[in-house]
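Engineer: If you scroll down you'll find the structure; I have some questions about it.
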2 protein chains.
Amino acid sequence: MVGGHLIAGDWIAGEGDVFLSEPATGGARRFTSATKVEVEAAANAAEEAFAEYSAATALQRSRFLDRIAAEITAQADGIIGTACAETGLPEARIRAELDRTTGQLRLFAQHILQRGWLDERHDPALPTRVPPRPDLRLIQRPVGPVAVFSASNFPLAFSVAGGDTASALAAGCPVIVKAHQAHPATSELVAQAIDASRRAEGLPGGVFAMLQSATRVTGSALVTHPLITAVGFTGSTAGGRALFDLCAARPVPIPFYGELGSVNPLFVLRGAGLRRGADIARGWATSLTQGAGQFCTKPGLAILPEGEIAERFVQSAAAALADVPTQCMLSNAIAQGFRASISKLEEKPGVIEKHGSVVADGRDMGPILLRTRAEDFLADPEMAEEAFGPGGLVITVSDPQEASALARSLPGQLTATVHGDPEDQPEARTLFGILERKAGRLIWNGFPTGVEVADAMVHGGPYPASTNFGHTSVGTMAIRRWLRPVCYQDMPSTVFPVRSACPSRS
Amino acid sequence: MVGGHLIAGDWIAGEGDVFLSEPATGGARRFTSATKVEVEAAANAAEEAFAEYSAATALQRSRFLDRIAAEITAQADGIIGTACAETGLPEARIRAELDRTTGQLRLFAQHILQRGWLDERHDPALPTRVPPRPDLRLIQRPVGPVAVFSASNFPLAFSVAGGDTASALAAGCPVIVKAHQAHPATSELVAQAIDASRRAEGLPGGVFAMLQSATRVTGSALVTHPLITAVGFTGSTAGGRALFDLCAARPVPIPFYGELGSVNPLFVLRGAGLRRGADIARGWATSLTQGAGQFCTKPGLAILPEGEIAERFVQSAAAALADVPTQCMLSNAIAQGFRASISKLEEKPGVIEKHGSVVADGRDMGPILLRTRAEDFLADPEMAEEAFGPGGLVITVSDPQEASALARSLPGQLTATVHGDPEDQPEARTLFGILERKAGRLIWNGFPTGVEVADAMVHGGPYPASTNFGHTSVGTMAIRRWLRPVCYQDMPSTVFPVRSACPSRS
């Protein structure tokens, strides 16, 4: 373990401040935070690599992605062991996440061999028209070096070789990853797999860099560096907004594709609540506590009719949650953050019921269920903030109008879910009409955790779910974030072929 | 003439400060600047109209756009007369621009009847997979109320019913136009045509609003209003950046699609310069002075080899420019701005030659040609700033390396052009490799003025050419700016049909 950074194809120990990892099990390791000088070196190498990498054929890039997937698979045992130790997540979960990560890489490897992502358009010349029309060809081109900020909660799938990296490398952009300090050793192992693949494919060193850091200095230097052209980020609203603001304030502003906070409301309508409330409650409890509730898509709010439906739902959910063991959180800081969020919530006068309790200190956390009324929730916007951990808030509504008012009050979300039976369909239509403007994904009779990596997935939504509601960070459409359209007017292929973008097998 | 605003389907005189129009010919008219309260009323009406308008079928919206085009055509004589009087542009130009404007509306009317713009994707359910995959459908949906800032230089095509309005209405977004103070009467006539079409189609009043203003207060209130979801803008870098900054600093940031400044470099390579330098110089002079040089795509810089090629090029261009009569500028402010830009340039010690002269005062302006050397240009970034008017700067380079260095030094551009003969192709490839990262449109042996409204057009580029290099403001791809992808999981059409987006003829 180097404990440092991968820059321009070389591993260096780094000159920056030392920080220690805080694994859930096993000993701490020593890492350094990348300095501004190291950020500069990584950005320069990425820019230098751009010409060659952006001119590589789609087939070459596809092979590179496939090889990264193969290399991660070959190193799976070491990566999984390290990731489990650092994050406290169970092996089965990390193993599944590794498969998802290699699946994402292979999906993009396949995706760029078709031509759809290139958005090719051609308006042939009309030389006899008055005025004549020139020949116009449009194709999407990679934007330039991209900075990617790893998430804490998916140490593989939203991290060093995660969806942002895979989609940006697929697009033809060199990538500089700012690794998450919650799993630095895992990050180093995955970066080694990428670097080995890069070498094997004969690509320049600047195509991929990984910087460790436990300070804000590294990230700030990265997003404000003139050679960085776009940023991908998954993390907290506060941290993401700070970086978004830096990107917007640059002399040359750049897009910041941030996936920030979401509480993912789940509505249970009367018919469904009466007939299968207990089943939905159990499903909710499972979705709520998956990965210790550390999913961006955790359905943190359950909204349902007051009275008998609510009583039975809370009873069933509380019983299901009582069977969920305490789980180790991703980091001490995240455990503390969740504890603080729950403490703040449970002290509110409107919170009238509580099941479970947060452990006073330490990194393990049991599930928590709180309950309030819509009128109290609507009066206090703080209740709509994300509590990142295995906790959920039941909100009772007195009628469908109050459910609609509550839906309208919500900030932007990654997902919104409605459970209903056939008799609930009119109310569901009304709710979805509101929720469609609030969320990137609308779910009928399901649960939002489990984000399928597919063509039709949208993992994004109005702010603060994401900073760019026009895009997704999961699924093949994620590649659009790293592309810009260019029009070629009367351009013969002998002068400027743009062949680089084509999936030519030559 | 009301001299006020169209809000919620009603014309009001307005409570704000009075300003007078400054037409090139004829008497001044009285208008008011929309107040914050009036902006609020327009935003509320747009939000109220969104539900119905976004749920309209593509066919309904297509009919609305076609009707606007027909209504503008029916009112053509009045609109053209008023636009000529206000802007000083000749009738033939305004007549062509009116055709372009109605052509744009009809193009989008056709475009949304095909399904491509919806980006539909479907991943069918895989119920037997472990874990099962839900049914996922992705479709693009309109973002919400859109604010559009008219440009001064195209009083029809980039104004009240211009490309931004056409593409946003096509997408399903209500539009609030902040009219340009340089042509307020033209704006009122065009807004009347849109409003008559809206009434005829039975659409709600909030679908389209037009606000007059000669102060920054209106625009600031508009882009910071919580109900506005996206902004389209064509104008100066300073004004656009100020609005961009306001959009980014909102509690809920929104995308600002600004098309700001561009000097559109045009490179003449040795072979072409030797063989057909005089022809290129004449073509350049024409492109440079079209519409009094008030085109976003005016090729303000001509870069060519020093020595004989440069001497002949300057001689031919100067002779061609001497035949161009003085032209009336769009407004007194623009005339003054051009005069100031040229004065600043010609005082620079590196500017070694001058042909033509700006009129000391008044709104008419004759063409100007200045000349400098690449080393002086590279030493002074101010020389790369846009001078909005009929002026051009010839820059001589000592060798191809200096031409490349100059290309590399340029900020983002809407277009970049290279003129070359077959022997110049190696050098052209090198230059285009650099210019591809600088501009949204690359042109071989042509001129950048004349922006075709077509599928393959890109009118955008790296900052400051645009604030969102991933988009275009001209051509059918412009509709993407007003859309966001939404994923529907296991959603039966009885619950939430999304039929609104389909080009159903029912």
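The values are calculated or read from the model by the stated rules, or taken from the named source; none is laboratory data. Treat the numbers as computed from the prediction; the structure is a model and nothing was measured. Quick reminder, even Gly has a Cβ in these numbers, built from the backbone with ideal geometry, and neighbours come from all protein chains shown.
Engineer: Of the numbered conditions (1) facing chain A (nearest Cβ under 7 Å); (2) crowded, with 24+ Cβ neighbours inside 10 Å, B:Phe496 fails exactly one; give the number of that condition.
Structural biologist: Tallying (1) facing chain A (nearest Cβ under 7 Å); (2) crowded, with 24+ Cβ neighbours inside 10 Å, B:Phe496 fails exactly one: (2).
Engineer: Next question. Can you pull out every residue in segment A:405-431 that is of a type in the set (D, E, K, R) and free of Cβ contacts under 8 Å to residues at least 40 places away in the same chain?
Structural biologist: From segment A:405-431, those of a type in the set (D, E, K, R) are A:408, A:421, A:423-424, A:427, A:429; that's our starting set.
Matches in segment A:405-431: A:Arg408, A:Arg429.
Engineer: For the structure I just gave you, tell me whether B:Arg93 is closer than 30 Å to A:Thr415 by Cα, more than 12 Å from chain A (Cβ to nearest Cβ) and assigned to a helix (DSSP H, G or I).
Structural biologist: Taking the combined requirement at face value, the residue does not satisfy it.
Engineer: Kindly list the number of the only condition in (1) part of a loop (DSSP other than H, G, I, E, B); (2) on the phi < 0 side of the Ramachandran plot that fails for B:Gly362.
Structural biologist: With (1) part of a loop (DSSP other than H, G, I, E, B); (2) on the phi < 0 side of the Ramachandran plot applied to B:Gly362, the lone miss is (2).
Engineer: Could you tell me which of the residues B:Ile434, B:Ile479 is in contact (Cβ under 8 Å) with a residue 24 or more places away in the chain, under 29 Å from B:Leu136 (Cα atoms) and either more than 7 Å from every other protein chain (Cβ to nearest Cβ) or touching a strand residue (DSSP E or B) at 6+ places or on another chain (Cβ under 7 Å) (or both)? If you could, list the steps in order and put the result at the bottom.
Structural biologist: Working: B:Ile434 fails: under 29 Å from B:Leu136 (Cα atoms).
On inspection, the qualifying residue turns out to be B:Ile479.
Engineer: For B:Arg67, indicate whether it is closer than 26 Å to B:Trp117 by Cβ and surrounded by fewer than 22 Cβ atoms within 10 Å (Cβ to Cβ).
Structural biologist: yes
Engineer: Can you tell me how many residues within segment A:398-423 are in a helix (DSSP H, G or I) and at the interface with chain B (Cβ under 9 Å from one of its Cβ atoms)?
Structural biologist: Total meeting the criteria: 1.
Engineer: On the basis of being within 21 Å of B:Ser287 (Cα to Cα), modelled with pLDDT of 95 or more and within 8 Å of chain A (Cβ to nearest Cβ), does B:Arg484 make the cut?
Structural biologist: When the stated conditions are applied, B:Arg484 does not pass them.
Engineer: Shifting gears a bit: Just checking, does segment B:249-257 include any residue being touching a Lys or Arg at 6+ places or on another chain (Cβ under 9 Å), within 13 Å of chain A (Cβ to nearest Cβ) and surrounded by fewer than 23 Cβ atoms within 10 Å (Cβ to Cβ)?
Structural biologist: Among the residues of segment B:249-257, at least one is touching a Lys or Arg at 6+ places or on another chain (Cβ under 9 Å), within 13 Å of chain A (Cβ to nearest Cβ) and surrounded by fewer than 23 Cβ atoms within 10 Å (Cβ to Cβ), which makes the answer yes.
Engineer: Residue pairs, Cβ under 6 Å, 6 or more apart or interchain, first in segment A:116-132 and closer than 18 Å to A:Pro485 by Cα, second β-branched (Val, Ile, Thr). List them.
Structural biologist: Note: pairs meeting the criteria are A:Trp117/A:Ile479; A:Leu118/A:Ile139; A:Glu120/A:Ile139.
Engineer: Still on this structure, I have one more. Return yes when B:Gly470 is of a type in the set (Gly, Ala, Ser), touching a residue at least 12 places away in the same chain (Cβ under 8 Å) and at the interface with chain A (Cβ under 7 Å from one of its Cβ atoms) and no when it is not.
Structural biologist: No; evaluated as a whole, the condition is false for this residue.
Engineer: Tell me which residues, restricted to segment A:368-423, are surrounded by fewer than 17 Cβ atoms within 10 Å (Cβ to Cβ), within 15 Å of A:Leu266 (Cα to Cα) and polar (S, T, N, Q).
Structural biologist: The one that is surrounded by fewer than 17 Cβ atoms within 10 Å (Cβ to Cβ), within 15 Å of A:Leu266 (Cα to Cα) and polar (S, T, N, Q): A:Ser409.
Engineer: Being surrounded by fewer than 24 Cβ atoms within 10 Å (Cβ to Cβ) and at the interface with chain B (Cβ under 7 Å from one of its Cβ atoms) is the filter here, so list the residues in segment A:441-467 that pass it.
Structural biologist: If the condition is that a residue be surrounded by fewer than 24 Cβ atoms within 10 Å (Cβ to Cβ) and at the interface with chain B (Cβ under 7 Å from one of its Cβ atoms), then A:Trp444, A:Asn445, A:Gly446, A:Gly450, A:Glu452, A:Ala454, A:Asp455, A:Tyr463 are the ones that fit.
Engineer: Looking at segment A:74-87, can you tell me whether even one residue there is farther than 30 Å from A:Gly293 by Cβ, crowded, with 23+ Cβ neighbours inside 10 Å and among the hydrophobic types (A, V, I, L, M, F, W, C)?
Structural biologist: Within segment A:74-87, none of the residues are farther than 30 Å from A:Gly293 by Cβ, crowded, with 23+ Cβ neighbours inside 10 Å and among the hydrophobic types (A, V, I, L, M, F, W, C).
Engineer: Can you find, within segment B:114-134, the residue that is surrounded by the most Cβ atoms within 10 Å (Cβ to Cβ) among those that are facing chain A (nearest Cβ under 9 Å) and assigned to a loop (DSSP other than H, G, I, E, B)? Before the answer, list the steps.
Structural biologist: Taking segment B:114-134 as the starting set, the residues that turn out to be facing chain A (nearest Cβ under 9 Å) are B:119-123, B:131, B:133-134.
Applying the additional criterion that residues be assigned to a loop (DSSP other than H, G, I, E, B) yields B:119-120, B:131, B:134.
On the way: B:Asp119: 15, B:Glu120: 15, B:Pro131: 9, B:Pro134: 23.
So the residue we want is B:Pro134.
Engineer: Have a look at A:Gly470, A:Gly460, A:Gly392 and point out the one that is outside any strand (DSSP E or B) and either closer than 25 Å to A:Thr372 by Cβ or touching a helix residue (DSSP H, G or I) at 6+ places or on another chain (Cβ under 8 Å) (or both).
Structural biologist: A:Gly470
Engineer: Which ones in segment B:28-84 are free of Cβ contacts under 8 Å to residues at least 40 places away in the same chain and among the β-branched types (Val, Ile, Thr)?
Structural biologist: B:Val37, B:Thr73, B:Ile80
Engineer: Sticking with this one: Can you report the number of residues in segment B:349-395 which are farther than 30 Å from B:Ala24 by Cα and touching a Cys at 6+ places or on another chain (Cβ under 7 Å)?
Structural biologist: Of the residues in that region, 0 qualify.
Engineer: Out of (1) under 17 Å from B:Glu436 (Cα atoms); (2) free of Cβ contacts under 8 Å to residues at least 60 places away in the same chain, the odd one out for B:Glu402 is which?
Structural biologist: Condition not satisfied by B:Glu402: (1).
Engineer: While we're on this one: Is it the case that segment B:228-248 has a residue that's free of Cβ contacts under 8 Å to residues at least 24 places away in the same chain and farther than 30 Å from A:Ala238 by Cβ?
Structural biologist: yes
Engineer: Since A:Phe31 meets every condition but one in (1) touching a helix residue (DSSP H, G or I) at 6+ places or on another chain (Cβ under 8 Å); (2) over 22 Å from A:Thr218 (Cβ atoms); (3) not small (Gly, Ala, Ser), which condition does it not meet?
Structural biologist: Looking at each condition in turn, A:Phe31 falls short on (2).
Engineer: Sticking with this one: Restricting to segment B:446-477, name every residue that is more than 16 Å from B:Phe256 (Cα to Cα) and among the aromatic types (Phe, Trp, Tyr).
Structural biologist: First, the residues of segment B:446-477 that are more than 16 Å from B:Phe256 (Cα to Cα): B:446-458, B:475-477.
Result: B:Phe447, single match.
Engineer: In this structure, is A:Phe244 more than 22 Å from A:Leu483 (Cβ to Cβ), outside any loop (DSSP other than H, G, I, E, B) and either within 13 Å of another protein chain (Cβ to nearest Cβ) or hydroxyl-bearing (Ser, Thr, Tyr) (or both)?
Structural biologist: Considered against the rule, which asks whether it is more than 22 Å from A:Leu483 (Cβ to Cβ), outside any loop (DSSP other than H, G, I, E, B) and either within 13 Å of another protein chain (Cβ to nearest Cβ) or hydroxyl-bearing (Ser, Thr, Tyr) (or both), A:Phe244 comes out as no.
Engineer: Is it the case, given these coordinates, that B:Glu385 is farther than 29 Å from B:Arg339 by Cβ, of a type in the set (D, E, K, R) and away from chain A (no Cβ under 11 Å)?
Structural biologist: Taking the combined requirement at face value, the residue does not satisfy it.
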